[in-house]
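Please read the structure below before turning to the comments.
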Amino acid sequence: MQIGAPVHSSVRGPDGLRIDRLGLDRYAEVQALNRVIFGDDRVIYRTDRDDLVLLLAMVADEAVGYKVGYRETSSTFYSAKGGVLDGWRRQGVARALLDRMEAEARSLGYLTFAFDTFPNKHPGMTVLGLAEGFRVTAAGYNAAYRDYRIRFERPL
Ligand SMILES: CC(C)(COP(=O)(O)OP(=O)(O)OC[C@H]1O[C@@H](n2cnc3c(N)ncnc32)[C@H](O)[C@@H]1OP(=O)(O)O)[C@@H](O)C(=O)NCCC(=O)NCCS
């Protein structure tokens with residue numbers, strides 16, 4: 001199942017890149033990518049979130065990346081997790097996923113877009129956040145992940 005009317009995205013990526021918004025019936029496709037990228041079966045703790053948005057980046061028939069987000073508060077949309085397959089990195093796929101996720105959040109009426117990342121584990125999202133003009137709004141040591149976590153936000 002694909003959800004809703006197409007939301008405009010102006011960001012380019014590899015030739016043939018398409019970002020699909022999925023229904024929960026296709027969650028297994030997100031899980032499969034998550035397993036390859038993070039080596040973990042769990043994508044997010046709960047899928048019964050308000051305004052859950054699942055995005056899959058496709059090149060031809062291959063799923064090359066994903067992004068998952070949901071309502072955090074009435075005004076803030078939270079991008080919870082995402083990743084791109086190794087062989088498809090540095091071609092603009094994550095930027096296209098971010099752009100589309102922000103467009104979805106905007107069309108749902110949110111005012112702020114937020115994500116957390118672990119800069120030691122995954123430096124790419126930190127560089128991308130700064131390059132995209134996000135502001136750091138919180139930072140601290142996360143005992144569960146044994147790493148520092150920083151939060152990025154920007155208005156939609
Ligand atoms: C982080 C990740 C999603 C980036 O995906 P991507 O498709 O390669 O990113 P893009 O090509 O859209 O990169 C856009 C910009 O982000 C920055 N960037 C992305 N990856 C980077 C890296 N490894 N190191 C430094 N900067 C990086 C660059 O500024 C890049 O622009 P440029 O290529 O023109 O220099 C991908 O590396 C990944 O899946 N990593 C493992 C999982 C992960 O970190 N997930 C996010 C957890 S919060």
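The values are calculated or read from the model by the stated rules, or taken from the named source; none is laboratory data. From a predicted model like this one, the values you see are computed outputs, not experimental measurements. When we count neighbours, we look across all protein chains shown, and the Cβ atoms used for this are built from the backbone with ideal geometry, even at glycine. In case anyone asks, the SASA skips ligands and DNA or RNA and just uses the protein heavy atoms, side chains included. Shrake-Rupley method; radii C 1.70, N 1.55, O 1.52, S 1.80 Å.
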Residue by residue through the range 122-146, note down the ones that are within 12 Å of the ligand (Cβ to nearest atom), open to solvent by 70 Å² or more (accessible area, probe 1.4 Å) and either polar (S, T, N, Q) or over 27 Å from Asp20 (Cα atoms) (or both). Tyr145
Answer yes or no: is there a residue in the range 98-112 that is closer than 23 Å to Ala138 by Cβ, near the ligand (Cβ under 8 Å from one of its atoms), surrounded by 17 or more Cβ atoms within 10 Å (Cβ to Cβ) and not β-branched (Val, Ile, Thr). yes
If a residue must be surrounded by 15 or more Cβ atoms within 10 Å (Cβ to Cβ), more than 12 Å from the ligand (Cβ to nearest atom) and not hydroxyl-bearing (Ser, Thr, Tyr), how many such residues does the range 56-87 contain? 6
Being open to solvent by 30 Å² or more (accessible area, probe 1.4 Å) and hydrophobic (A, V, I, L, M, F, W, C) is the filter here, so list the residues in the range 36-51 that pass it. Val36, Ile37, Phe38
Could you list, in sequence order, the residues of the range 17-35 that are surrounded by fewer than 16 Cβ atoms within 10 Å (Cβ to Cβ) and among the aliphatic types (A, V, I, L, M)? Leu24, Ala28, Ala32
Can you tell me how many residues in the range 38-55 are part of a loop (DSSP other than H, G, I, E, B) and near the ligand (Cβ under 9 Å from one of its atoms)? 0
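Listed here are the residues, each with its yes/no results for (1) outside any loop (DSSP other than H, G, I, E, B); (2) among the small types (Gly, Ala, Ser); (3) in contact with a Lys or Arg (Cβ under 6 Å, 6 or more places away or on another chain).
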position: Asp25; (1), (2), (3): yes, no, no
position: Ser79; (1), (2), (3): yes, yes, no
position: Leu98; (1), (2), (3): yes, no, no
position: Asn120; (1), (2), (3): no, no, no
position: Gly129; (1), (2), (3): yes, yes, no
Arg90 is checked against (1) part of a loop (DSSP other than H, G, I, E, B); (2) open to solvent by 70 Å² or more (accessible area, probe 1.4 Å); (3) away from the ligand (no atom under 13 Å from the Cβ); (4) not acidic (Asp, Glu) and fails just one. What number does that condition carry? (3)
